[in-house]
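Here is the structure we will look at, set down as structure tokens.
The values are calculated or read from the model by the stated rules, or taken from the named source; none is laboratory data. Quantities reported herein were computed from a predicted structural model and do not represent experimental measurements. Please note: Cβ atoms are built from the backbone with ideal geometry, for glycine as well, and neighbour counts cover all protein chains shown. Calculation scope for accessible area: heavy atoms of the full protein, side chains included, ligands and nucleic acids excluded. Shrake-Rupley method; radii C 1.70, N 1.55, O 1.52, S 1.80 Å.
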Amino acid sequence: MNELEKYIYEYIDIVNVILGTYLDSTWGFDNNKQMIEMSQYQMRLPIEQLDNVHFSYGTDNPENPKSVELHRVTQGEFKQRNSKNGINYKFIGNMCLISIYQYWEDYYRDKIAVSKGMKKNDLKSDIMGDLRWLRVSIIHHKGIATKDVEKCKILKWYREGDEIFINKEKILEIISNIVEMLMGLLDIS
């Protein structure tokens, strides 16, 4: 395996780890929501009443006087953030996009470019350019699309002012486009 192949396949491995993290997380979110709903059902009280009961995370069993409460929400808030359109889904999808892009930009783009006898800034890609515009909106504009996302050439999902939400279908499309781009780099070397 030559250096170019090494870096391309390393990057693909990292992208696959990020995908696995996304899938594990969203599966966990689904299970969290189901767990609370099942618990609420077994209580045989009105759901509206139970949705106002607190749910908390702590350092130990809440009965232990040394336990420290770390985080508290209502059961309703817990169910909402673990729902398919909840903040947990939005956060993990957006963070996966950012991670995929940052690994590329901060390490693999340079290594792959050098392996091809190029400078980092000479290695350009429509998919990675699109991720850059989306990343800027996520990080610097609180997840709201800036006008620049309308420059996207492949990922034409958002208009200025739209909330950016990278769901499973979008993650899979991103990864498919990245792998296609990387395989193209192998074909022309």
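Miscellaneous remarks
- Scan of the stretch 88-113 for residues that are more than 17 Å from Asn167 (Cα to Cα) and in contact (Cβ under 8 Å) with a residue 60 or more places away in the chain, ordered by number: Tyr103, Trp104, Tyr108, Lys111, Ile112
Residues checked against (1) assigned to a loop (DSSP other than H, G, I, E, B); (2) open to solvent by 30 Å² or more (accessible area, probe 1.4 Å):
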residue: Asp110; (1), (2): no, yes
residue: Val136; (1), (2): no, yes
residue: Val149; (1), (2): no, no
residue: Lys153; (1), (2): yes, yes
residue: Phe165; (1), (2): yes, yes
residue: Glu169; (1), (2): no, yes
residue: Leu172; (1), (2): no, yes
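- When residues of the stretch 66-86 are limited to those that are polar (S, T, N, Q) and either touching a strand residue (DSSP E or B) at 6+ places or on another chain (Cβ under 9 Å) or at pLDDT 95 or above (or both), the one nearest to Ser25 (Cα to Cα): Asn82
- Every condition in (1) without any contact (Cβ under 8 Å) to a residue 40 or more places away in the chain; (2) open to solvent by less than 50 Å² (accessible area, probe 1.4 Å) holds for Gly143 except the one numbered (1).
- Taking first residues from the stretch 18-42 that are under 13 Å from Phe91 (Cα atoms) and modelled with pLDDT of 95 or more and partners that are part of a helix (DSSP H, G or I) and not small (Gly, Ala, Ser), the Cβ contacts under 6 Å between residues at least 6 apart in sequence or on separate chains come to Tyr22/Ile92; Tyr22/Cys96; Tyr22/Ile171; Ser25/Ile92; Phe29/Asn88.
- Number of residues in the stretch 87-106 that are open to solvent by 10 Å² or more (accessible area, probe 1.4 Å), of a type outside the set (Asp, Glu) and under 16 Å from Ile18 (Cα atoms) equals 12.
- Any pair with Cβ under 8 angstrom, 6 or more apart, that starts in the stretch 43-56 at a residue that is farther than 12 Å from Glu77 by Cα and ends at one that is part of a helix (DSSP H, G or I): Met43/Leu50; Ile47/Gln40
- Screening the candidates Tyr103, Tyr108, Tyr89 for the property of being in contact with a helix residue (DSSP H, G or I) (Cβ under 8 Å, 6 or more places away or on another chain), within 21 Å of Gly28 (Cβ to Cβ) and of a type in the set (Phe, Trp, Tyr) yields one hit, Tyr89.
- Filtered by the rule that a residue be in contact with a strand residue (DSSP E or B) (Cβ under 6 Å, 6 or more places away or on another chain), open to solvent by 80 Å² or more (accessible area, probe 1.4 Å) and of a type in the set (Ser, Thr, Tyr), the stretch 6-65 gives a lone residue, Tyr57.
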